[in-house]
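Since every read-out is calculated from the coordinates, none of them should be taken as a lab result. Predicted, not measured: the structure shown is a model, and the values here were computed from it. Note that each Cβ is placed from the backbone with ideal geometry, even for glycine, and that neighbours are counted across all protein chains shown.
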Amino acid sequence: MAAGLPDYYFRVRENGAFVFAVEQDPRQRRVEMNQIAVLNIRNGEVKPQGGRELSAADLAAIEDWMTKRRATLAAREIDEIHRAVEVLNTTAHWIQSRASEAQIDAVTDDLLLAMHDLRSVLIRKRAERAAQDD
């Protein structure tokens, strides 16, 4: 059994995680994982499980994990936007260089509507920011 396992394990779910306390018995070569809480990353809610009262160490580990998880999700989100820009660039190149007329016809309306929607949101947000700066 690997030494140095963490004290807590976080099983990620869509809106947060299930938190398990990791307990090792090296003599038996066993690892027990007992669920101690359920987290909601969006609203910061922590629900103890199984009638357990969370210790200060439990709460500190949970808060640390939530802080790191929020940073990971924020970094992923901006990375996805940068990838979207790359996809738009490669799409333009594909349409200009390799797409058939039928392929262009198949995607034109969806692309134009999506780009129009995005452009409208970007312009509105920029105008709101400019109005706040004035």
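Observations
- Long-range amide H partners of residue 36 with built H, under 5 Å: 19, 20, 21
- Chain lengthening between residue 113 and residue 134 when straightened (0.36 nm per residue, less Cα-Cα): 4.4 nm
- Computed on the chain, with alpha-carbon pairs under 8 angstrom and 6+ residues apart, the relative contact order is 11 percent.
- Projecting the Cα atoms of 82, 8, 44 onto the charge dipole of the chain, computed from C-beta unit charges around the Cα centre, puts 8 farthest toward the positive end.
- Subtracting the Cα-Cα distance of residue 49 and residue 96 from their residue separation scaled by 0.36 nm leaves 11.2 nm.
- Trypsin sites (Lys or Arg not before Pro) within segment 54-134: DSSP coil, no more than 15 neighbouring Cβ in 10 Å: 98
- The label point for residue 56 and the one for residue 74, both projected 7 Å from the Cα toward the Cβ, are 2.8 nm apart.
- Fewest-first ranking of 111, 39, 73, using other Cβ atoms within 10 Å as the exposure measure: 73, 111, 39
- Paramagnetic label zone (point 7 Å from Cα along Cα-to-C-beta, residue 106; backbone N under 20 Å) in segment 69-92: 87-92
- Per-residue 3J(HN,Hα) values for segment 12-26, derived from phi via the Karplus relation 6.51 cos²θ - 1.76 cosθ + 1.60 with θ = phi - 60°, read 5, 10, 3, 10, x, 6, 9, 10, 10, 8, 9, 10, 10, 10, x Hz in sequence order (x marks Gly and Pro).
- As a rough footprinting exposure proxy, the listed residues 33, 115 were ranked by other beta carbons within 10 Å of their own, and the order from fewest upward is 115, 33.
- Taking other Cβ atoms within 10 Å as a rough exposure proxy, 36, 81 sort from fewest to most as 81, 36.
- Near the amide H of residue 41, within less than 5 Å, lie the amide hydrogens of 16, 17, all on another chain or at least 5 residues away, with H placed in the peptide plane.
- Applying the criteria of a DSSP loop state and at most 12 other Cβ atoms within 10 Å to the GluC sites (Glu not before Pro) of segment 1-101 yields 14, 53.
- Residue-wise HN-Hα coupling along segment 78-90, computed from phi with Karplus coefficients 6.51, -1.76, 1.60 (Hz; x: Gly, Pro): 5, 4, 4, 5, 4, 5, 4, 4, 4, 5, 4, 5, 5
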